[in-house]
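The values are calculated or read from the model by the stated rules, or taken from the named source; none is laboratory data. The model shown is predicted, which means the values in this text are computed figures rather than measured ones. All Cβ positions, glycine included, derive from the backbone under ideal geometry; neighbour counts span all protein chains shown. Note: accessible area is taken over every heavy atom of the protein model, side chains too, but ligands, DNA and RNA are not part of it. Shrake-Rupley method; radii C 1.70, N 1.55, O 1.52, S 1.80 Å.
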Amino acid sequence: MTAPPPILKKPKIEQNNDGDGDHQLVAKPKSMTEEENEGGGEEEEGEEGTSIEEQEEALVALVDHRTREVEHLKRRIAYYNSQLQGAEKRLHETEARLARLRGQSNAISSKASLGNGTKSAKMEYRSTSPIHAIESASRSQPQSRNEGLFPAANPSTSQSIKLAGSSAKVFVRSGSQSLPSTPTDTLPKLKAEKSYISSLDEEVVEIQDRGTKRKLEQKEHKELIPLIRSGSSPCTIHCHTSNLISSQHKRKLRSLVFCPVNDQLFVTSALDGVVNLWQVQSRGSGASLLSSTDCMSPKHRRWPEDIAWHPLGNSLFCTYSADGGDSQILILNLNKTQARARVTYLDDKPHVKGIINSIIFMPWKSACFATGGSDHAVILWNEKDTENLWKPKPLHRNLHSSAVMGVAGLQQKHIVLSAGADKRIIGFNVQVGRADFKHQLDNKCMSVLPNPCDFNLFMVQTGTPEKQLRLFDIRLRQTELHSFGFKQESSDSQSALINQAWSPDGLYLTSGSVDPMIHIFDIRYNSHKPSQSVRAHQKRVFKAVWHYSHPLLISISSDLHIGLHKIA
């Protein structure tokens, strides 16, 4: 380790305290004997002149000394700041290794208990709602969820800086405003690179274990349909803190998706073609940018139309357009460090024309995802044994007479839901190869979203003003359980870029708006109006997503900001 700069020694100068705490340099008066020995009878004026000159010379020396002292202390501050950065980085890496070790041991014990046929397997369920579980969220340990799932996107690459005299935090990349590096930084960097190379396999194993755990969590069904429209007044949510941070995108945002295995991570995409990976900081007080990747399509440089996480959380899948022979699906591997190595385009191009509007992974045991496009087709992609090899299978191309705007999979059945601009909702049974049901609505359908708790309940977004959201029971044909919506001040047109999200407990829905508002709906409220609306941005809101464990909403807007809204 490089030693710190040596401490400067002050010159031996007589000092005197002038009473205000500052030591001033003065010339020591000479005794009469000394004066006689030196000059032997100089006049009093000469003695005074000599004393003033000595004082001036001494003060000049003191100024020079203190200038060197300030510069020396600045160098020492820079040195210890660099040492602090290195120590924090090593601390984060050690904490991540400890968390991975604990996660692997937990996964091994859970697998052993499941192998013995024990039905009382110990599983850690997420809090049912961030609204009613603030206390439990505060008791949780963020370190266990803050693990470095992706070595290429290590949280230690970003630093949080707390502004003096303020509670606000600004998150910047460590590379943008870093202090001068010293040789001390070299050793931790080399060790980090070696640990990254040797831990890739461990990371994948850990992600697979956590992915399995998430699937087991999702299998709990809860009856919510009897609660719909059961109350005359809504349960309001208090949004007491909002924080807007720059999205780091140059054009309007398009997508916001949480990681399925680590709820501290989320991604955003925009019309600039960049996909940003973020980490939630300080229980939602801020978010730090971990990495940015250019995901423009190779031929026509189109941006991703929609994004989905792989269930294991180690990669992202993006959709594009079928026009012009461009690539249709991109895989962004977050375990790769080099930008070019991260991006892989699939060779198959099953969609024949138009934009691929929607992509979603199915909540089934085998890894597969569905895409819906403007060519009226719904395609199911199945994973093969070879890495990044996915084979498409058309489920149907003619059941919709217009663009497929949204797709989703049911938890309890191998049924793929599709919502189209032809006003149809179709449930296609993959196992039998035909449609189980068809709903015909009175307006175009723009998205479909199953409830996370009640597997029979799903929501459809339509183009009907003040009746944009409809609830359906998969078991009932052509029966609408409830509908609600919102007024729009900025425009009467319904945009397919406005999206909704369920709360983790399945009782609330959030929706963006062409206005700078987040609309919140309580499905137990028997009114068609929002239970409340929160002004969150300066321009229209595209989406507001509920955090799994923190009482937090995260939103994106055309004002190029990400909103973090603490709720209670």
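Listed by first and then second residue, the pairs with beta-carbon distance under 8 Å, at least 6 apart or on different chains, first residue in the stretch 279-290 and open to solvent by less than 10 Å² (accessible area, probe 1.4 Å), second modelled with pLDDT of 90 or more and not in a strand (DSSP E or B), are GLN279/GLN264; VAL280/GLN264; VAL280/HIS547; GLY284/HIS547; GLY284/PRO551.
Within the stretch 291-321, the set of residues being assigned to a loop (DSSP other than H, G, I, E, B), more than 14 Å from SER255 (Cα to Cα) and free of Cβ contacts under 8 Å to residues at least 60 places away in the same chain comprises MET296, SER297, PRO298, LYS299, HIS300, ARG301, ARG302, HIS310. Residues in the stretch 431-459 that are farther than 22 Å from ILE360 by Cβ and either part of a loop (DSSP other than H, G, I, E, B) or among the small types (Gly, Ala, Ser) (or both): ASP442, ASN443. Tell me which residues, restricted to the stretch 217-246, are at pLDDT below 85 and assigned to a helix (DSSP H, G or I). If the condition is that a residue be at pLDDT below 85 and assigned to a helix (DSSP H, G or I), then GLU217, GLN218 are the ones that fit. Please count how many residues of the stretch 291-301 are surrounded by 21 or more Cβ atoms within 10 Å (Cβ to Cβ) and over 28 Å from PRO363 (Cα atoms). Total meeting the criteria: 0.
Report the residue count in the stretch 229-262 for those that are surrounded by fewer than 18 Cβ atoms within 10 Å (Cβ to Cβ) and charged (D, E, K, R). The qualifying residues number 3. The condition of being more than 14 Å from the chain's Cα centre (by Cα) and open to solvent by less than 20 Å² (accessible area, probe 1.4 Å) holds for only one of LEU224, LEU271, LEU265, that being LEU224. Scanning the stretch 52-96 for residues that are free of Cβ contacts under 8 Å to residues at least 24 places away in the same chain and closer than 30 Å to VAL261 by Cα returns ALA87, LEU91, THR94. Under the condition of being part of a strand (DSSP E or B) and farther than 20 Å from LEU395 by Cβ, the residues counted in the stretch 322-360 number 7. Taking the listed residues ASN357, ASN388, the one that is of a type in the set (S, T, N, Q), modelled with pLDDT of 95 or more, within 26 Å of the chain's Cα centre (by Cα) and more than 20 Å from GLN478 (Cα to Cα) is ASN357, with no other qualifying.
For every residue, the table says whether it meets (1) touching a Leu at 6+ places or on another chain (Cβ under 6 Å); (2) open to solvent by 40 Å² or more (accessible area, probe 1.4 Å); (3) more than 17 Å from VAL541 (Cα to Cα).
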residue	(1), (2), (3)
ARG424	no, yes, yes
VAL432	no, yes, yes
LYS444	no, yes, yes
GLN468	no, no, no
ARG475	no, yes, yes
LYS487	no, yes, no
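PHE521 falls short on exactly one of the conditions (1) within 17 Å of ASN451 (Cβ to Cβ); (2) in a loop (DSSP other than H, G, I, E, B); (3) out of contact with any Cys (no Cβ under 7 Å at 6 or more places or on another chain), and that condition is (2).
Quick one: would you say LEU316 is within 27 Å of HIS547 (Cα to Cα), crowded, with 22+ Cβ neighbours inside 10 Å and under 20 Å from the mean Cα position of the chain (by Cα)? Yes; evaluated as a whole, the condition is true for this residue. Selection of the stretch 460-481 for residues being touching a Phe, Trp or Tyr at 6+ places or on another chain (Cβ under 9 Å) and either farther than 18 Å from LYS529 by Cα or assigned to a strand (DSSP E or B) (or both) yields VAL460, LEU469, ARG470, LEU471, PHE472, ASP473, ILE474, ARG477, GLN478, THR479, GLU480, LEU481.
Annotation: of all residues in the stretch 506-520 being aliphatic (A, V, I, L, M) and open to solvent by less than 10 Å² (accessible area, probe 1.4 Å), the one that is nearest to VAL460 (Cα to Cα) is LEU509. Scanning the stretch 537-557 for residues that are under 19 Å from ASN499 (Cβ atoms), within 20 Å of the chain's Cα centre (by Cα) and open to solvent by 10 Å² or more (accessible area, probe 1.4 Å) yields LYS543, VAL545, TYR548.
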